[in-house]
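Colleague: Have a look at this one.
The values are calculated or read from the model by the stated rules, or taken from the named source; none is laboratory data. Just so we're clear, the structure is a prediction, and the values are computed from it rather than from any experiment. Every residue, glycine as well, gets a Cβ built from its backbone with ideal geometry; the counts of neighbours run over all protein chains shown. Heads up: the accessible areas ignore ligands, DNA and RNA and are worked out on the full protein's heavy atoms, side chains in. Shrake-Rupley method; radii C 1.70, N 1.55, O 1.52, S 1.80 Å.
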Amino acid sequence: MEFRIKFLLIWILVFDVSSAVYGQYGPSDTANSVNIPPLFDVRKFGAKGDSVTLNTKSIQKAIDQCARKGGGVVLISGGVYSSGAIFLKENVRIRIEKNAKLRAVDGIGNYPIIKNTRIAGIEMDWPSAFINAVNVKNVGLDGEGIIDGSGYYWWEPYWIKRDSLSKTVLPDLIDWYVPRPRLILFDKVSDARITGLKLRNSGFWTVHICYSKRVELLGLDIYNPVLEDGKRAASTDGIDLDSSSDIIIRNCKISVDDDCIAIKSGRGSDGLRVNIPTQNVLIEHCSFLKGHGGVSIGTETAGGINNIMIRNCKADGNNAAIKFKPRPGRGGVIENITYQGWEIKNGAVAVDYSLRKVDGKDYVDEWQMIQVPFEKATPKYRNITIRDIKATNMKKAVSFLGWPKAHAENVLFQDVYLQAEQAGIFQYIDNLVLKNVTIESPGNSVQFLDIVNLMR
């Protein structure tokens with residue numbers, strides 16, 4: 001245990017140094033400090049910010065011309081610009097100014113199919129996102145404006161379809177039965193940045209970073225309504241990191257109907273085939289409001305997840321701010337995960353780790369019906385640190401539940417204060433260390449069941 005803590009401290013120091021260097025990457029003006037990058041105003045290519053005109057071709061023409069000229073900034077300002085799917089090119093940055101909104105239009109035909117894109121952990125053909133960057137480098141989105149996915153076109157059909165399939169299709173599979181566009185997709189992208197923007201009303205996941213490296217997400221304000229004027233968003237995660245590495249997320253505010261940030265790496269047999277981890281991630285100074293989870297690890301974990309630091313964040317009204325989502329059949333090794341310096345209040349549970357039943361049998365892949373051996377199918381969560389955490393006015397302090405055939409390993413709680421109506425439970429953990437931990441709950445105390453080597 002002591003060795004593991006020392007390793008994590010070394011990794012934190014190394015990552016902080018590398019993140020300072022990493023700040024050079026991405027499509028920033030500092031990359032071209034001598035010459036101001038050229039501007040390509042979409043209005044000069046025929047776009048109209050009248051909210052009515054379909055501007056897909058005009059905006060894409062501006063992007064293509066910018067790329068042909070060696071790169072620069074595509075400018076969107078002064079109105080509401082309606083569009084279907086657009087595709088970034090290398091060395092191109094889209095800037096949406098404070099007085100502008102880029103808004104997605106209805107109709108699945110406005111979002112051409114992308115072959116073998118990953119959806120909820122499995123590669124398949126699927127409609128493109130509203131804004132796409134695929135197999136490019138040095139791209140970005142910035143400004144103080146709004147990107148609006150017009151999700152209300154997609155949410156109601158999703159709920160209707162979900163209700164009709166609820167008796168014949170597992171809940172975990174229903175997303176695949178209702179094709180709809182993500183808001184932003186960065187797929188096989190490197191050296192990229194998204195900064196400052198307000199992201200609203202995504203039809204599906206909001207920001208999906210997949211198979212990508214060296215990406216910064218800074219100062220984003222992401223909002224998808226849970227219930228507002230009859231609107232109910234559906235599966236609108238704020239940020240999904242998916243088999244990607246060297247990622248920085250900083251100063252983001254997120255309120256959604258699902259997980260605010262979800263860290264993933266593929267599902268079942270297809271995720272094991274791809275076998276790309278998510279690793280070397282720094283998330284800091286973020287605020288999480290409504291959501292199933294603040295920062296969730298899982299459920300898709302087949303490629304593995306490692307070296308994740310989530311620090312100095314706040315959560316208010318989030319169901320489970322610190323959340324682990326292990327699932328049988330998803331596979332992978334998930335290790336070296338640290339949550340540090342959090343302030344949490346008004347939620348259902350402060351720390352939530354819940355593994356569904358594992359029976360020791362080989363697993364049959366839910367979507368492709370491929371049998372996966374038990375050892376490969378069962379995710380292994382280990383080396384988890386929860387440090388310097390304060391949580392108040394919670395319904396439950398902690399719910400940390402492994403399973404007899406799939407224990408969590410090497411879990412450290414240090415300098416933690418949790419105040420809640422119910423204390424909660426730790427179960428099925430190998431090596432649980434509690435240092436300076438206070439769980440304040442009226443009339444009940446925390447339970448410890450089936451713990452191998454408890455130190456406190």
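Colleague: With both bridge residues required to lie in the range 185-251, what share of the DSSP beta bridges run antiparallel, to the nearest 5%?
Modeller: 5 percent
Colleague: Okay, next question. I need to check one value: relative contact order of the range 240-289, counting alpha carbon pairs closer than 8 Å and at least 6 residues apart, in percent.
Modeller: The normalised contact order for the range 240-289 reaches 56 percent.
Colleague: Rounded if a/c is under 1.5, else prolate if a/b beats b/c, else oblate: with a ≥ b ≥ c from the C-alpha gyration tensor eigenvalues square-rooted, which is the range 373-456?
Modeller: Prolate, since a/c reaches 1.5 and a/b exceeds b/c.
Colleague: Still on this model: Quickly rank 413-426, 280-293 as a protection proxy: mean count of other C-beta atoms within 10 Å, highest first.
Modeller: Highest to lowest by the protection proxy: 280-293, 413-426.
Colleague: Hey, another quick one. How far is it, in nm, from the label point at K188 to the one at D50 when both lie 7 Å from their Cα along the line to the Cβ?
Modeller: Spacing of the two 7 Å Cα→Cβ label points: 4.0 nm.
Colleague: Mind ordering 200-207, 272-279 by average Cβ neighbours within 10 Å, highest first?
Modeller: 200-207, 272-279
Colleague: Would you compute, for the Cα atoms of the range 186-308, the largest minus smallest coordinate along each principal axis and list the three values in descending order, in whole Å?
Modeller: The Cα atoms of the range 186-308 stretch 43, 29, 21 Å along their principal axes.
Colleague: From the Cα gyration tensor of the range 141-224, with a ≥ b ≥ c the square roots of its eigenvalues, which class applies: rounded if a/c is under 1.5, or else prolate if a/b is larger than b/c, or else oblate?
Modeller: oblate
Colleague: What are the extents of the Cα atoms of the range 25-173 along their three principal axes, listed from largest to smallest and rounded to whole Å?
Modeller: Here the Cα extents, ordered largest to smallest, are 62, 33, 23 Å.
Colleague: Let me ask something else about it. Considering Cα pairs under 8 angstrom that are at least six residues apart, work out the relative contact order of the chain and quote it in whole percent.
Modeller: 8 percent
Colleague: Could you report the accessible area of K115 in Å², rounded to 10, computed with a 1.4 Å probe on the protein chains as they sit in the structure?
Modeller: The accessible area comes out at roughly 140 Å².
Colleague: Something else about it: Per residue, what accessible area does the chain have, given a 1.4 Å probe and all protein chains present, in Å²?
Modeller: That works out to 40 Å² for each residue.
Colleague: I would also like to ask the following. In the structure displayed, which of K48/K69; K198/K396; K48/K188; K213/K253 lie more than 25 Å apart, Cα to Cα?
Modeller: Violating the 25 Å limit, Cα to Cα: K198/K396; K48/K188.
Colleague: Percentage of Cα-Cα pair distances in the chain greater than 34 Å, rounded to whole percent?
Modeller: 32 percent
Colleague: What ranking, highest mean first, results for peptides 139-146, 388-395 when packing means the other Cβ atoms within 10 Å averaged over each residue?
Modeller: With the highest mean Cβ count within 10 Å placed first, the list reads 139-146, 388-395.
Colleague: So how exposed is S445, as accessible area in Å² (1.4 Å probe, rounded to 10)?
Modeller: 90 Å²
Colleague: Tell me, what % of the accessible area of the chain is carbon and sulfur with a 1.4 angstrom probe?
Modeller: Carbon and sulfur together cover 50 percent of it.
Colleague: Out of all DSSP beta bridges in the chain, what portion is antiparallel? Express it as a percent rounded to 5.
Modeller: 5 percent
Colleague: Where both partners of a DSSP beta bridge lie in the range 116-275, what percent of those bridges are antiparallel, to the nearest 5?
Modeller: So the antiparallel bridges in the range 116-275 amount to around 10 percent.
Colleague: Still on this structure, please answer the following. Quick one: dipole size for the range 60-169, taken about the Cα centre, charges +1 on Lys/Arg Cβ and -1 on Asp/Glu Cβ, in debye to the nearest 20.
Modeller: 260 debye
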